[in-house]
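See structure below.
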Amino acid sequence: MEIRPIRSEELTEVGDLTVAAYAGVGHLDDESDYEVELRDVGSRARQAVVLVAVEPGAEGVVGAVTYVPDRASPYAEFDVEHAAGIRMLAVAPHAQGRGIGEALVLDCLGRAQADGRREVILHTTKAMAAAHRLYARLGFERDPNLDWWPTPGIELIGFRKHLSPNP
């Protein structure tokens, strides 16, 4: 599997993939503007780093994530000076369970380490149990101090992973 920055011709495909992944766990409904945000991959790619996963022999992108390098990004859901963030991790429904999400998160952790960040912060919902297991396996710890409610009825729960300082 190859993890690399998104290409301009993949923006729509990644938007569709992200919406499909989030709809599959019940995070989209007719009353939410979140689908518009998930589809707006172009804005994320201009203001953060959108990474994609592609598999040899597979057609198209099978996963994507937004790496937020610091708190200055409008996509930062944190205000910690020495942190990076992960947002909108999504794996195509047909490709789930094959380690794609893990590979994307590991790439973000490597980027954060290379950027000299001391921790990585992310938010998810209570319904994303598979994501919780992945984050725990990769050393993230649940941190209720990071929880927040961006809109009525939506609770985001926080996780953080402390990184070793660069030598």
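The values are calculated or read from the model by the stated rules, or taken from the named source; none is laboratory data. On a predicted model such as this, the values are computed, not experimentally measured, just so you know. Ideal geometry is used to build each Cβ from the backbone, glycine not excepted, and the neighbour counts take in all protein chains shown. We work out accessible area using only protein heavy atoms, side chains counted, and drop any ligands, DNA or RNA first. Shrake-Rupley method; radii C 1.70, N 1.55, O 1.52, S 1.80 Å.
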Would you be able to say whether some residue in segment 126-146 is assigned to a loop (DSSP other than H, G, I, E, B), without any contact (Cβ under 8 Å) to a residue 24 or more places away in the chain and either acidic (Asp, Glu) or open to solvent by 50 Å² or more (accessible area, probe 1.4 Å) (or both)?
-> yes
Pick from segment 93-125 the residues that are open to solvent by 10 Å² or more (accessible area, probe 1.4 Å) and aliphatic (A, V, I, L, M): which of them is farthest from the chain's Cα centre (by Cα)?
-> Ala114
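Considering only segment 78-92, I want to know if a residue exists there that is among the aliphatic types (A, V, I, L, M) and open to solvent by 40 Å² or more (accessible area, probe 1.4 Å). Show your work before the answer.
Of all residues in segment 78-92, those among the aliphatic types (A, V, I, L, M) come to 80, 83-84, 86, 88-92.
Now restrict to residues that are open to solvent by 40 Å² or more (accessible area, probe 1.4 Å): none.
The answer is no, given that none of the residues of segment 78-92 is among the aliphatic types (A, V, I, L, M) and open to solvent by 40 Å² or more (accessible area, probe 1.4 Å).
Counting only residues that are within 24 Å of Ala129 (Cβ to Cβ), give me the strands (runs of 3 or more DSSP E) lying completely in segment 20-110 with at least 3 of them.
Numbers: elements: 49-54, 61-68, 83-91.
Qualifying strands (runs of 3 or more DSSP E): 61-68, 83-91.
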